[in-house]
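Notes follow once the structure below has been shown.
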Amino acid sequence: MTKLLIQNLSKQFAALVALDNISLELETNKIYGLIGPNGSGKTTLFNCISGVYKPSSGNITFAHHSIINMAPEKIAQLGIRRTFQTIRLSSELTVAENIYAGYHHYSKHNFIQALFNLKGYRQDEIHCWREVHRAAKLLDIEPHLRLKVKTLAYGIQRKVEIARAIISQPQLLVLDEPAAGMNESEKIELTHIIKQIQLQNITILIIEHDMHMISTLCDTVFVLNHGKLIASGSPTEILNNKQVISAYMGDEHA
Amino acid sequence: MQVNKSIFIISLIICSIGFPFLANNIWLSIITTFLIYSALSLSQDLILGKAGIYAMGHAMFFGIGAYTFAILINTYNVNLFIAFMASGIISYCIGLIIIYPIKHLRGDYFLVVSLGLNIIFINIINNDPFGLTGGPNGIFAINFPSVGGLDLTGAKAIYFIALIFLSVMILLFYRLNYSKFGRAIYYLNHDHIAAKSVGIKPSLNKLLSFSLGTMLAGFTGAIYTLQYGAVSPEAFGIEQSILLFAVVIVGGQGSLIGVVAGSFVMFVLPEIFRSYAEYRLLVFGAAMVILMVIRPNGLFPSKFGFFQKRHLQQK
């Protein structure tokens with residue numbers, strides 16, 4: 001079943017064409033990779049999907065809704081959650097409080113209940129706290145829940161960001177370079193975690209430069225170069241594709 | 001720790017209730033002023049510290065509340081309670097009307113716009129186009145009706161009104177971090193892109209925090225009118241707005257204790273050292289610079305945490 005459908009998407013910044021007529025299709029419960037040299041438009045595509053940028057033309061359909069003119073918060077509420085290339089967490093808050101942000105929309109108390117600490121509020125808090133625990137457990141960061149984010153290692157902060165994105169059980173998870181800055185053992189752990197996330201019926205789209213990780217994880221890989229979709233297929237097909245090799249290494253290697 | 005805290009709070013309550021019966025009228029009036037300005041600074045803090053909206057025209061909403069209250073009572077002989085509610089509600093509506101078209105402005109732009117609006121407001125009340133505000137002299141010798149046989153204009157009565165109002169505001173601010181709204185504005189203030197990516201609505205929360213802040217300022221304005229029995233334009237000018245802005249920055253953005261301490265420093269100390277009036281600004285200027293160098297996050301920086309300890313202990 002098609003989850004996300006992108007049709008003829010283009011994005012132009014003044015004279016620069018960042019995305020040029022891109023069409024792709026994501027199906028339910030699969031892991032997709034998005035690769036390409038620096039500046040090829042990967043993050044621009046992510047920003048168009050999550051509503052940060054308004055595309056110049058084309059259409060994006062998610063679960064039968066056109067999300068092309070939707071505000072980012074509306075798209076998030078529909079079930080698309082993302083992480084960022086540079087970590088965006090509130091460093092003064094604890095890990096638990098950061099993860100909770102992802103569940104904020106689903107917390108059900110009103111201001112009067114919070115003001116007087118009424119029963120409905122207390123039940124809601126306990127429910128939210130359980131959800132935070134569940135997300136933290138999936139990413140194996142439970143021991144850090146009460147620590148401030150700024151005291152933690154980079155790899156753990158990355159996981160906190162992913163936990164914040166998956167706590168609301170989204171239908172599509174968009175990860176922007178999740179393994180950037182991680183060491184080898186952390187990358188292996190992350191690969192395992194992403195597989196676990198897929199088991200929760202979440203479609204995943206990843207930007208990543210680590211080809212090993214992409215080929216172990218992904219069912220289908222899309223390759224962007226200069227804003228154009230130059231190839232798509234299984235990881236083995238992509239690794240042997242001449243156009244892809246020339247985009248990365250230059251024409252003489254192809 | 002918990003016991004110490006309760007002892008502190010109980011003694012604070014006893015002291016604040018007992019205070020007007022022991023103090024002389026000068027001190028009573030100074031402390032009442034302090035209570036009113038603390039409430040006002042807290043309402044500015046909701047906008048500036050909690051929601052991160054750089055609005056520097058807060059004295060305008062204080063003035064709208066004060067003038068509404070004065071005009072309703074002086075010109076239209078409205079019931080005291082209704083006039084009080086009206087001053088908050090009118091401030092709220094004007095706040096909403098003002099923020100709505102400029103809600104997308106950020107930081108410095110917002111600051112300039114709000115400062116400009118404050119100047120327009122002062123011009124309006126000075127020029128008195130509707131014959132209501134009394135021009136540069138303001139409205140004075142307001143006769144407040146008694147409410148159910150109680151005279152609310154006595155120094156003690158006003159002290160208690162201000163005390164109750166401030167206590168309600170402190171309760172509101174204390175519980176804000178634990179509420180959905182308080183958390184939303186915290187996330188938006190710290191990283192609005194990340195907050196939007198998890199589904200938190202930016203404009204709704206911005207509108208709400210700004211208009212609630214202006215409503216609280218309006219109520220405070222009404223209490224101010226009640227205390228002085230008069231209103232005049234100079235109490236609501238941009239100097240006041242800048243001072244309020246400074247209170248929040250110096251005290252600590254988003255910090256309850258910080259903002260109350262900041263208003264003590266800014267509004268009460270000058271009264272105590274009135275005899276050294278000519279050195280006042282010099283000392284304050286120097287103190288502010290030193291403070292910003294050694295404690296850049298304010299006197300008492302805010303601590304934020306919103307899972308109550310009880311929840312943290314649960315597995």
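The values are calculated or read from the model by the stated rules, or taken from the named source; none is laboratory data. On a predicted model such as this, the values are computed, not experimentally measured, just so you know. Note: ideal-geometry Cβ built from the backbone for every residue, glycine included; neighbour counts use all protein chains shown.
I'd like the full set of residues that are of a type in the set (Ser, Thr, Tyr) and touching a residue at least 40 places away in the same chain (Cβ under 8 Å), limited to the stretch B:99-115.
Step one: filter the stretch B:99-115 for residues of a type in the set (Ser, Thr, Tyr), giving B:100, B:109, B:114.
Those that are of a type in the set (Ser, Thr, Tyr) and touching a residue at least 40 places away in the same chain (Cβ under 8 Å): B:Tyr100, B:Ser114.
How many residues, within the stretch B:1-54, are among the β-branched types (Val, Ile, Thr) and loosely packed, with under 14 Cβ neighbours inside 10 Å?
Restricting attention to the stretch B:1-54, the residues satisfying the condition of being among the β-branched types (Val, Ile, Thr) are B:3, B:7, B:9-10, B:13-14, B:17, B:26, B:30-33, B:36, B:47, B:53.
Still in the running and loosely packed, with under 14 Cβ neighbours inside 10 Å: B:3, B:7, B:9-10, B:13-14, B:17, B:26.
Within the stretch B:1-54, residues that are among the β-branched types (Val, Ile, Thr) and loosely packed, with under 14 Cβ neighbours inside 10 Å number 8.
Which of the residues belonging to the stretch B:193-234 are closer than 19 Å to B:Ile158 by Cα and aliphatic (A, V, I, L, M)?
Once the filter is applied, which keeps residues that are closer than 19 Å to B:Ile158 by Cα and aliphatic (A, V, I, L, M), the stretch B:193-234 yields B:Leu216, B:Ala217, B:Ala222, B:Ile223, B:Leu226, B:Ala230, B:Val231.
Kindly indicate the residue of the stretch B:275-315 that is within 14 Å of chain A (Cβ to nearest Cβ) and touching a Phe, Trp or Tyr at 6+ places or on another chain (Cβ under 9 Å) and also modelled with the highest pLDDT among those meeting that condition.
Looking at the filtered set, the residue picked out is B:Phe304.
Given (1) without any contact (Cβ under 8 Å) to a residue 60 or more places away in the chain; (2) at the interface with chain B (Cβ under 8 Å from one of its Cβ atoms), identify the lone condition not met by A:Ile68.
The number of the failed condition is (2).
So, of the residues in the stretch B:158-196 that are at the interface with chain A (Cβ under 8 Å from one of its Cβ atoms) and not in a helix (DSSP H, G or I), which turns out to be farthest from the chain's Cα centre (by Cα)?
For the stretch B:158-196, the residue satisfying everything is B:Asp191.
For the stretch B:196-224, which positions are under 12 Å from A:Ala71 (Cβ atoms) and out of contact with any strand residue (DSSP E or B) (no Cβ under 7 Å at 6 or more places or on another chain)? Give the derivation first.
In the first step, residues of the stretch B:196-224 are kept if they are under 12 Å from A:Ala71 (Cβ atoms); the result is B:196-197, B:199-204.
Within the stretch B:196-224, B:Lys196, B:Gly199, B:Ile200, B:Lys201, B:Pro202, B:Ser203, B:Leu204 qualify.
Do the conditions hold for A:Ile99, that is, is it more than 8 Å from chain B (Cβ to nearest Cβ), touching a helix residue (DSSP H, G or I) at 6+ places or on another chain (Cβ under 6 Å), surrounded by fewer than 19 Cβ atoms within 10 Å (Cβ to Cβ) and under 25 Å from A:Glu208 (Cβ atoms)?
Numbers: more than 8 Å from chain B (Cβ to nearest Cβ): yes; touching a helix residue (DSSP H, G or I) at 6+ places or on another chain (Cβ under 6 Å): yes; surrounded by fewer than 19 Cβ atoms within 10 Å (Cβ to Cβ): no; under 25 Å from A:Glu208 (Cβ atoms): yes.
No: the conditions fail for A:Ile99.
Which of the residues belonging to the stretch A:48-65 are without any contact (Cβ under 8 Å) to a residue 60 or more places away in the chain, within 15 Å of A:Gln171 (Cβ to Cβ) and of a type in the set (S, T, N, Q)?
Residue satisfying the conditions is A:Thr61 alone.
Could you look through the stretch A:33-89, keep only residues that are part of a loop (DSSP other than H, G, I, E, B) and of a type in the set (Ser, Thr, Tyr), and pick out the one that is surrounded by the fewest Cβ atoms within 10 Å (Cβ to Cβ)?
Step one: of the stretch A:33-89, the residues part of a loop (DSSP other than H, G, I, E, B) are A:36-41, A:50-56, A:63-64, A:67-71, A:79, A:83-89.
Next cut, of a type in the set (Ser, Thr, Tyr) only: A:40, A:50, A:53, A:56, A:83, A:86.
Details: A:Ser40: 22, A:Ser50: 23, A:Tyr53: 18, A:Ser56: 14, A:Thr83: 26, A:Thr86: 8.
Only one residue fits best here, namely A:Thr86.
Can you find a residue in the stretch B:77-98 that is surrounded by 13 or more Cβ atoms within 10 Å (Cβ to Cβ), touching a residue at least 40 places away in the same chain (Cβ under 8 Å) and in contact with a strand residue (DSSP E or B) (Cβ under 9 Å, 6 or more places away or on another chain)?
Yes.
Which of the residues spanning the stretch B:116-162 are of a type in the set (Phe, Trp, Tyr) and without any contact (Cβ under 8 Å) to a residue 60 or more places away in the chain?
Going through the stretch B:116-162, the residues of a type in the set (Phe, Trp, Tyr) turn out to be B:121, B:130, B:140, B:144, B:159-160.
Correct list: B:Phe130 only.
Any idea how many residues of the stretch A:71-93 are modelled with pLDDT under 90, more than 16 Å from the chain's Cα centre (by Cα) and more than 7 Å from chain B (Cβ to nearest Cβ)?
Final tally of qualifying residues: 1.
For the stretch B:114-137, enumerate the residues that are at pLDDT below 90 and assigned to a helix (DSSP H, G or I). Don't jump to the end; show me each part of the working.
Taking the stretch B:114-137 as the starting set, the residues that turn out to be at pLDDT below 90 are B:128-137.
If the condition is that a residue be at pLDDT below 90 and assigned to a helix (DSSP H, G or I), then B:Gly135, B:Pro136, B:Asn137 are the ones that fit.
List the helices (runs of 4 or more DSSP H) that sit entirely inside the stretch A:103-186 and contain at least 2 residues that are within 12 Å of chain B (Cβ to nearest Cβ), surrounded by fewer than 20 Cβ atoms within 10 Å (Cβ to Cβ) and without any contact (Cβ under 8 Å) to a residue 24 or more places away in the chain. First the steps, then the outcome.
Numbers: elements: A:111-115, A:119-138, A:154-166.
The helices (runs of 4 or more DSSP H) meeting that bar are A:111-115, A:119-138.
Only one of B:Gly251, B:Gly262, B:Gly199 is touching an Asp or Glu at 6+ places or on another chain (Cβ under 6 Å) and either modelled with pLDDT under 90 or within 14 Å of another protein chain (Cβ to nearest Cβ) (or both). Can you tell me which? Explain how you work it out, then say what you get.
Numbers: B:Gly251 fails: touching an Asp or Glu at 6+ places or on another chain (Cβ under 6 Å); B:Gly262 fails: touching an Asp or Glu at 6+ places or on another chain (Cβ under 6 Å).
Criteria check complete, one pass: B:Gly199.
From A:Leu5, A:Leu19, grab the single residue that is modelled with pLDDT of 90 or more, in a strand (DSSP E or B), of a type in the set (A, V, I, L, M) and out of contact with any Asp or Glu (no Cβ under 7 Å at 6 or more places or on another chain).
From the options A:Leu5, A:Leu19, the qualifying one is A:Leu19.
Does the stretch B:238-248 hold any residues that are over 13 Å from the mean Cα position of the chain (by Cα) and buried (at least 18 other Cβ atoms within 10 Å of the Cβ), and which are they?
B:Ile238
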